[in-house]
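Engineer: Sharing a structure here in structure tokens format.
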Amino acid sequence: MIFEKGRNIPNTFGLDVKAGRWLEYASVEELKALIAEGQISSPYLHVGSGSNLLFLGDFEGTVLHSAIKSIEMVNQDAEKVWLRVGAGVIWDDFVAYCVEHGYYGAENLSLIPGEVGASAVQNIGAYGVEVKDLISCVETVDVHGDKRVFGVEECGYAYRNSVFKRPDMKSFFVTHVTFALNKAEQYTLNYGTIRQELEKYPQIDLATVRQVIVSIRESKLPDPKVLGNAGSFFMNPIVPRAKYETLLQEYPSMPSYQVDATHVKIPAGWMIEQCGWKGKSLGNAAVHDKQALVLVNCGGATGADIVALSDAVRAAVREKFGVEIHPEVNMI
Ligand code: EPU
């Protein structure tokens, strides 16, 4: 168990922010002991590795972090394996584990920053796969020390959303996530340029698909160790079909993804680029020059600098397209 006062809170934007108290636990028993000792009082905040958080200042309360790092096979049948994974496992280490063991399903989510617990809160997604497609249940302990297991259907999963993001659910701490992976070879290859990239390789296997995803991500998304960022800063807006059709008349090359019969998702990165913001900066924050959905800390930015840039970009998109875009990152 680690207990520290005034420690820097990890965050991939590279912002200099401190926790009043930092508590880290390595097992459910340790978490329950902390609760029983009355160590977790309001205000508190549970974090992963801070890859989807934008701190507007120090957090004066208690910051909790899971260091539960187990991966265990809890069940299998002819088609699937079920892996129960600790919330503190680095997400990409889990993907690498699946690829090494020949378990199919997680490979398109290679290289997404963050930890397993946060993946289930945020419903991370990329290249045609969302983590909800792999989850079978999410184990939690609430702030009173009571265990509750949520079956995937109880998690309220939607695009970058789950019940765990609701303000009244912040008292539930994810301890383990159980994933169901396929034993038989199957891939999701229809997104963007994946198939085209795979043609460069003699054969398709799990390691090759992972490699292709890693290289596509590395070509567009900045490495947070070099340039602070939180991946996509905005969600792609989902608009009524009628609105999409009006926009399409004016912008015939506008990319889009059908959501359902009446709704269409439009890439916010494309709209931001059309507004001329790609690669532009405001103060110490900038719109990334290779992917306009990503805002970066050019060095020395504060949370307020990033919010100011976000507000300017949102206003530009609203004015040009009449569409509201919303941050995907959680502001603290
Ligand atoms: N586009 C532009 N200009 C840009 C960026 C994108 O024109 O600057 C266009 C692209 O040409 C393409 C479309 O927009 O036609 C979509 O772009 P891309 O495939 O890069 O994906 P995205 O919609 O911008 C989403 C996720 C990413 C995920 C990718 C790939 C969200 C908020 N973001 O981005 O997730 O990696 O798809 O699946 O849904 C993240 O959540 O942090 C993240 C990186």
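The values are calculated or read from the model by the stated rules, or taken from the named source; none is laboratory data. Bear in mind that the values here come from a model prediction, so they are computed numbers and not experimental data. Cβ: placed from backbone, ideal geometry, glycine included. Neighbour counts: every protein chain shown. Just so you know, the surface numbers come from the protein's heavy atoms only, side chains and all, with ligands and any DNA or RNA stripped out. Shrake-Rupley method; radii C 1.70, N 1.55, O 1.52, S 1.80 Å.
Engineer: Can you pull out the residues in the range 1-46 that are of a type in the set (A, V, I, L, M) and either free of Cβ contacts under 8 Å to residues at least 12 places away in the same chain or farther than 30 Å from Ser232 by Cβ (or both)?
Structural biologist: Of everything in the range 1-46, those that are of a type in the set (A, V, I, L, M) and either free of Cβ contacts under 8 Å to residues at least 12 places away in the same chain or farther than 30 Å from Ser232 by Cβ (or both) turn out to be Met1, Ile2, Ala26, Val28, Leu31, Ala33, Leu34, Ile35, Ala36, Ile40.
Engineer: Filter the range 266-311 for residues that are in contact (Cβ under 8 Å) with a residue 12 or more places away in the chain, under 13 Å from Phe234 (Cα atoms) and away from the ligand (no atom under 13 Å from the Cβ); which is surrounded by the fewest Cβ atoms within 10 Å (Cβ to Cβ)?
Structural biologist: Ranking the candidates gives Val307 first.
Engineer: Also, quick follow-up: Gly156 - would you say it is away from the ligand (no atom under 15 Å from the Cβ), touching a residue at least 60 places away in the same chain (Cβ under 8 Å) and more than 24 Å from Pro10 (Cβ to Cβ)?
Structural biologist: Answer is no for this residue.
Engineer: Let me ask another. Would you check which residues across the range 70-84 are of a type in the set (Asp, Glu), open to solvent by less than 80 Å² (accessible area, probe 1.4 Å) and either in contact with a Cys (Cβ under 7 Å, 6 or more places away or on another chain) or outside any strand (DSSP E or B) (or both) and list them?
Structural biologist: Answer for the range 70-84, where residues must be of a type in the set (Asp, Glu), open to solvent by less than 80 Å² (accessible area, probe 1.4 Å) and either in contact with a Cys (Cβ under 7 Å, 6 or more places away or on another chain) or outside any strand (DSSP E or B) (or both): just Asp77.
Engineer: Any idea which of Lys165, Lys132, Lys170 is surrounded by 13 or more Cβ atoms within 10 Å (Cβ to Cβ), away from the ligand (no atom under 13 Å from the Cβ) and closer than 17 Å to Cys98 by Cα?
Structural biologist: On inspection, the qualifying residue turns out to be Lys132.
Engineer: Asn190 fails exactly one of the following numbered conditions: (1) surrounded by 13 or more Cβ atoms within 10 Å (Cβ to Cβ); (2) over 16 Å from the mean Cα position of the chain (by Cα); (3) within 16 Å of the ligand (Cβ to nearest atom). What is the number of that condition?
Structural biologist: It is condition (1) that Asn190 fails.
Engineer: Now, a different point. Which one is nearest to the ligand (Cβ to nearest atom), of the residues in the range 85-113 that are open to solvent by 10 Å² or more (accessible area, probe 1.4 Å) and small (Gly, Ala, Ser)?
Structural biologist: Gly105
Engineer: Can you name every residue in the range 182-215 that is part of a helix (DSSP H, G or I) and either more than 22 Å from Val131 (Cβ to Cβ) or touching a Gly at 6+ places or on another chain (Cβ under 9 Å) (or both)?
Structural biologist: Ile194, Arg195, Gln196, Glu197, Leu198, Leu206
Engineer: Could you please give the count of residues in the range 229-253 that are away from the ligand (no atom under 11 Å from the Cβ) and of a type in the set (A, V, I, L, M, F, W, C)?
Structural biologist: Adding up the residues that qualify gives 4.
Engineer: Suppose the filter is surrounded by 13 or more Cβ atoms within 10 Å (Cβ to Cβ), under 20 Å from Ile68 (Cβ atoms) and among the acidic types (Asp, Glu); does Asp142 pass it?
Structural biologist: Taking the combined requirement at face value, the residue satisfies it.
Engineer: Within the range 17-55, which residues are part of a loop (DSSP other than H, G, I, E, B), more than 16 Å from the ligand (Cβ to nearest atom) and open to solvent by 20 Å² or more (accessible area, probe 1.4 Å)?
Structural biologist: Ala26, Ser27, Glu37, Gly38, Gln39, Ile40, Ser41, Ser42, Pro43 - these are the residues of the range 17-55 that are part of a loop (DSSP other than H, G, I, E, B), more than 16 Å from the ligand (Cβ to nearest atom) and open to solvent by 20 Å² or more (accessible area, probe 1.4 Å).
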